[in-house]
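Participant: For reference, the structure I am asking about is given below.
The values are calculated or read from the model by the stated rules, or taken from the named source; none is laboratory data. Remember, it's a predicted structure, so these values are computed and weren't measured experimentally. Side chains included, ligands, DNA and RNA excluded: accessible areas come from the protein's heavy atoms. Shrake-Rupley method; radii C 1.70, N 1.55, O 1.52, S 1.80 Å.
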Amino acid sequence: MVEGVSHDAVRNEVLEKYFMSQALRVAKEALDVGEVPVGCVIVLRDVNDIDPSLTTMSRQYDGPEPDDAFDTGEHQYLTSSPSIIVSHGANQVNATRDATRHAEMVAID
């Protein structure tokens, strides 16, 4: 922890990179079906804020195998992180012909 900085303000570049890669994966899936390639993930920084009885070790990783960027031992760190993706979304404007179906709105819905 950084002295003089609250826990909430400390950035974790490894987790940020991982979550951004997940948003890019969602964007690629949108592109594959003919949408504008925009993806969004909504991250809960600390699952213990919701339910303190949940431990990070009890959660199981059910996502795709990590790409080469995470083959350096970071994968174990990511799967034991208290941060989780609670929702994701991709643009659906073309498929639905609804200009409000941007990735962020889909993730919120």
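For (1) under 15 Å from the mean Cα position of the chain (by Cα); (2) open to solvent by less than 40 Å² (accessible area, probe 1.4 Å); (3) at pLDDT 95 or above, each residue gets a yes or a no:
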residue: M1; (1), (2), (3): no, no, no
residue: A30; (1), (2), (3): no, yes, yes
residue: V38; (1), (2), (3): yes, no, yes
residue: D68; (1), (2), (3): no, no, no
residue: E74; (1), (2), (3): no, no, no
residue: T79; (1), (2), (3): yes, yes, no
residue: S83; (1), (2), (3): yes, yes, no
residue: G89; (1), (2), (3): yes, yes, yes
residue: D109; (1), (2), (3): no, no, no
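Participant: Hey, could you check region 40-53 for residues that are farther than 12 Å from I84 by Cα and either among the polar types (S, T, N, Q) or at pLDDT below 95 (or both) and say which is most open to solvent (accessible area, probe 1.4 Å)?
Facilitator: This residue is P52.
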